[in-house]
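In what follows, a single structure is set out as structure tokens and then discussed.
Read-outs: derived from the displayed coordinates by stated rules, not from any lab. These numbers come from a predicted model, not from an experiment. Neighbour counts run over all protein chains shown; Cβ positions are idealised from the backbone, glycine included.
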């Protein structure tokens with residue numbers, strides 16, 4: 001009958017052998033997979049590696065009209081999204097009407 005230590009040593013030896021065999025087989029497996037991908041023209045999405053665009057995902061709506069605001073040599077597109085320039089914030093914070101700076 002084997003002792004616990006002997007069994008642990010055998011397990012360790014077998015695990016090392018298994019890793020060596022796996023490393024040798026891995027090259028062949030990768031070569032085979034690459035050949036099949038090329039042969040059938042498979043994509044990453046078909047293989048489950050890339051996600052397809054989610055159905056119903058909403059994109060930001062494009063602005064219908066372009067609005068420009070100008071204060072001296074400073075301009076702003078009036079974009080709804082994103083940060084307003086400091087000069088626009090200063091006008092709005094002071095209670096001013098940004099529309100009087102609108103380029104017509």
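Among residues of the range 68-91 being farther than 20 Å from residue 104 by Cβ and without any contact (Cβ under 8 Å) to a residue 12 or more places away in the chain, the one that is surrounded by the most Cβ atoms within 10 Å (Cβ to Cβ) is 84.
Name every residue in the range 1-42 that is in a loop (DSSP other than H, G, I, E, B) and out of contact with any helix residue (DSSP H, G or I) (no Cβ under 9 Å at 6 or more places or on another chain), in order of residue number. First the steps, then the outcome.
Kept after step one, since they are in a loop (DSSP other than H, G, I, E, B), are these residues of the range 1-42: 1-3, 41-42.
Passing the criteria: 1, 3, 41.
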